[in-house]
Structures are given as structure tokens and as C-alpha cells.
Amino acid sequence: MLALGSDHAGFPLKEEIKKYLDSNHIEYKDFGCYTPERFDYAIAAQKACDAVISGECDKAILFCGTGIGISMAANKVKGIRAAACSDYFSAKYTRAHNDANCLCLGARVVGAGLAEELVDVFLNTEFEGGRHKTRIDQIADIENGRKLY
Ligand code: RB5
């Protein structure tokens, strides 16, 4: 189950991606917003990311104008590794190397066609583990207030 969330700027792209997910039989839960009215991205980020951390959802895909604000908010949720991506390579390697559990897309940055490709590669790339696991653990250490140096 995917968790989706957006602010008003990301709302139209979220609706496009929902159609794409429907046509590929990928289940999702939409944590809002549900209209194009002004809606602050931190609220949607926290709701969707809480669902990932609780185990209700496996990953989150979030949308705002740039993908950046909502990624900043998402990364404040403990255990979330969110990446704002607008190119295929980054969307692939944030899974392979960073074990990202949240993809953030900018509706004012990418079109629906590219966004579909980014979602597809993000969902279908496995974390490589190994040396990258050490680095993920270090990120968690920072989150838990431990000094790395
Ligand atoms: C909203 O106008 C816009 O600032 C927001 O969607 C996002 O781009 C912030 O990072």
C-alpha cells in the first residue's frame, strides 16, 4: 500500500499519478489534500509519513510545487528517508543506495509522463544494502542524536 499526500500545488499531479496507479493496479491511500484549495504541505507530509512508519503503508509518494518543501517536512518524521527527484537516475539510486521510503515530486517541475517514469523506477528498484546499509544506519544515528565524529 502506497501513501500519497500533497499540498494544493501538488494536487493536480497527485490526481494524474492516481490514474496511473489505478491503471497498474497499485493500491494507495490518499492522505490529502482533496481539492485544489490552499493546503499546507507539512500536514500532508506528516499524515502520509506517519502511515509509513506505523506500517499501514510501505512507501509514500508526496507532491508539492517543487517537491522540496514537502520533502523537508517528510524528512522530519523519524524513520523517513525522503528524496525530491526530477530525474530518472536520482529516483532509481535513492532506492538502490539510500533506501528511500518516500519519493517527492514537484508538480511545477515535472510533467505527468516523467512523473510516471519516476514513480515506476522508484517502486521497482530494490535497496542494494551492503556498504549503503552502514550509511543509512549513520543517518539514523544522527536522527537519534548520536555523534558520528
Ligand atoms: C506552494 O505555493 C509552494 O510553495 C509549495 O508547493 C512548494 O513548492 C514548496 O516547497
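The values are calculated or read from the model by the stated rules, or taken from the named source; none is laboratory data. Everything numeric here is computed off the predicted structure, so don't read it as measured data. Quick reminder, even Gly has a Cβ in these numbers, built from the backbone with ideal geometry, and neighbours come from all protein chains shown.
Here are some notes:
- When the residues of region 100-110 are filtered to those that are in contact with a Gly (Cβ under 9 Å, 6 or more places away or on another chain) and either more than 11 Å from the ligand (Cβ to nearest atom) or not in a loop (DSSP other than H, G, I, E, B) (or both), the one that is farthest from Glu143 (Cα to Cα) is Val110.
- Sub-7 Å Cβ pairs linking a first residue in region 55-67 that is in contact (Cβ under 8 Å) with a residue 60 or more places away in the chain to a second residue that is more than 16 Å from the ligand (Cβ to nearest atom), at least 6 apart or interchain, are Lys59/Leu2; Lys59/Val52; Lys59/Asn101; Ile61/Leu2; Ile61/Val119, ordered by first then second residue.
- Hits in region 49-75 (condition: closer than 20 Å to Ala140 by Cβ and away from the ligand (no atom under 13 Å from the Cβ)): Cys49, Asp50, Ala51, Val52, Ile53, Ser54, Gly55, Cys57, Asp58, Lys59, Ala60
- The single condition among (1) of a type in the set (Phe, Trp, Tyr); (2) away from the ligand (no atom under 16 Å from the Cβ); (3) touching a Lys or Arg at 6+ places or on another chain (Cβ under 7 Å) that Tyr88 does not meet is (3).
- Contacts under 6 angstrom Cβ, first residue in region 113-140 being aromatic (Phe, Trp, Tyr) and crowded, with 16+ Cβ neighbours inside 10 Å, partner at pLDDT 95 or above and in a helix (DSSP H, G or I), 6 or more apart: Phe122/Ala91; Phe122/Arg95
- Some residue of region 114-134 being of a type in the set (Lys, Arg) and assigned to a loop (DSSP other than H, G, I, E, B): no
- Per-region count, region 70-99, residues under 12 Å from the mean Cα position of the chain (by Cα) and in contact (Cβ under 8 Å) with a residue 40 or more places away in the chain: 2
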